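The values are calculated or read from the model by the stated rules, or taken from the named source; none is laboratory data. Source: prediction; values computed, not measured. Cβ: placed from backbone, ideal geometry, glycine included. Neighbour counts: every protein chain shown. All accessible areas refer to the heavy atoms of the entire protein, side chains included, with ligands and DNA or RNA removed. Shrake-Rupley method; radii C 1.70, N 1.55, O 1.52, S 1.80 Å.
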Amino acid sequence: SPILIRLKPMFNYATSMTTSKHHSGYILVALIIFGAMLIMVIGAIVSLLIVQHRSIQRSVASESSLQIAEAGANYYRWVLAHDPENYTGADQDYYNSNGDNIGHYNVVITPPSDGSTVVTIASTGWTHDFPNLQRTLRVRYGKPSYAEYAFLTNSNVWFGPDEEVHGRLHSNGGIRMDGIVDSLTTSIKETYICGPEHGCANEEKPGIWGDGEDPALWSFPIADAIDFDSITLDFEDMETAADEDGVLFDNIGGKGVHIVFNSNGTFTAYKVTALKNNVWGHNSTSWTYESNDIKTETTISGYVNHALPANGIIFVDDQTWVSGQVAGRVTVAAAHLPDSDGIYRDIIIHDDITYYPDRASGAVLGLMAQQDILVPLYSPTDLVVDAALLAQNGHVMRYYYPKSYYPTDAIKTRIETYGTLVTNALWTWSWVDGSGTITSGYRNTSTNYDPNLYYAPPPYFPTQDDYTFISWEEVNQ
């Protein structure tokens, strides 16, 4: 019988080849997609690193810009220390510690305004790599005036039980403090000899002693004295300034000049034509027989309701009386030049001197005498003096007027000063006997510090030599 053979289907090579091509296509597409994704991821990482690197560079440049700006401010602080009136500014490159020129700073100076000692330094710094990334500092420096003290004296001083000092107090001598002081009180003396004028029998006492308050604020001896030779008033410069752009009274005649300040920002000047009768007074070293009280006066032509001078200086080569309400910034100086003539001028406080409308108004008055600043016998019972008082060679005081001679005027009630009081020789508003009883002068005294005078003293009031730091701030970031 026939043999039947059943053959298996042959392998379909064509179909197999087609399937393999499809699989290879899928893999290729997957590889392309994966590669593209990998490239995107790597690209993103690289971009992120670049952004981070750039951000770090900007942060470093920003910090460097600040340091460069600060270097510019420090440089100009050095310029002012060597040339205090150089306000031209600076525009120059900045080199790092390796000597590489990495940036630039521009310094703009704002000079002190009238009546101020404050200089403003605006310093802008940047790097050459990021010139648009700038940072600016505003730094303020000022020369402190001696008006930082409520009371400053070159001699021994005594504050009685009814006397108060509100503000810093310093003496190059000893201090007997039986009153109240609410700020730092300093003396250069470890011990000193307290004399009869201060209730002692030439006894050795500590530099600061007494029954007053607050001993925790007393500091003595301090190392550095206040050099009164450096607190010199250049009366010659003041006289020249008064002649050029201020007010100068010279050869007026009569007994002297009386300056009365008006609340509308003007002043009226009077020629003193006669004084009251001479009286006996003691100036702590000798008896005097003189009068410091006005009897009659007449206005000086051209100086009735006269505007305060542009440069703030009124100079009088004569005895000078002052009173009124001050609305503005002004200094009254009384002196005769040259000093070698042996003629010295005083300032006499005729009546109340107040700031108008009040002590917050910005008004400032300086009273600077070549010799003494005095309160006369017939002064007000209650007296207020808003001013910086400076007696270059003499006293700030009221003479001792014997009560037995002048029973109604020897003793007054209260005197209050607001500003500063600087005296080379002895100061006093009141006199006491051995028991501490007021025998002449004001029963109560109050000496108060005016903080507005620290960096903005009256025109021509002496300041310390060096600029000191006031404030530091960044203007932009």
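So what is the relative contact order for region 89-184, in percent, with contacts set as C-alpha pairs under 8 Å and at least six apart?
Once divided by the residue count of region 89-184, the mean separation gives 17 percent.
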Fill in the blank from the handout: For the chain, averaging the sequence separation of alpha carbon pairs under 8 Å that lie six or more residues apart and dividing by its residue count, the contact order in percent is 14 percent
Fill in the blank from the handout: Semi-axes (Å, rounded, descending) of the ellipsoid equivalent to region 104-180 per its C-alpha gyration tensor are 48, 12, 10
Practice task
Report, in whole Å, the centroid distance computed from the Cα atoms of region 425-477 and region 154-228.
Solution key: 15 Å
Exercise for the section: Would you work out what percent of the accessible area of the chain, with all protein chains in place, is carbon or sulfur (probe 1.4 Å)? Expected result: 51 percent
Fill in the blank from the handout: Bridge orientation stat for region 303-400 from DSSP, antiparallel percent rounded to 5, came to 0 percent
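Kindly provide the Kirkwood hydrodynamic radius of region 425-473 in Å, to one decimal, from all pairs of distinct alpha carbon atoms.
Kirkwood hydrodynamic radius for region 425-473: 15.0 Å.
What is region 173-229 by shape, rounded, prolate or oblate, if you read a ≥ b ≥ c off the alpha carbon gyration tensor as root eigenvalues and call it rounded for a/c under 1.5, prolate for a/b larger than b/c, and oblate otherwise?
Details: a/c = 1.85, a/b = 1.08, b/c = 1.71.
In terms of gyration-tensor shape, oblate.
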Practice task
With r as the distance between the Cβ atoms of N305 and R58 and R0 = 45 Å, compute the FRET efficiency 1/(1 + (r/R0)^6) and round to 0.05.
Solution key: 0.10
Exercise for the section: Specify the angular offset, from 0 to 90 degrees and rounded to the nearest 10, of the alpha carbon long axis of helix 13-82 from the longest principal axis of the alpha carbons in the chain. Expected result: 10 degrees
Practice task
Would you mind checking which residues have amide H under 5 Å from L377's amide H? H placed 1.01 Å from N; only 5 or more apart, or other chain.
Solution key: N292
Handout entry: region 277-432, accessible area per residue, ligands and nucleic acids excluded (1.4 Å, Å²)
Key = 36 Å²
Practice task
For K276, go through the aspartates and glutamates and keep the ones whose alpha-carbon is under 15 Å away, minus same-chain ones fewer than eight residues off.
Solution key: E290, D293, E297, D409
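Beyond 20 Å, what share of the Cα-Cα pairs of region 282-400 is found? Please give it as a whole percent.
Cα-Cα pairs of region 282-400 separated by over 20 Å account for 46 percent.
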Handout entry: Rotationally averaged projected area of region 217-310 (alpha carbon convex hull; nm²)
Key = 11.0 nm²
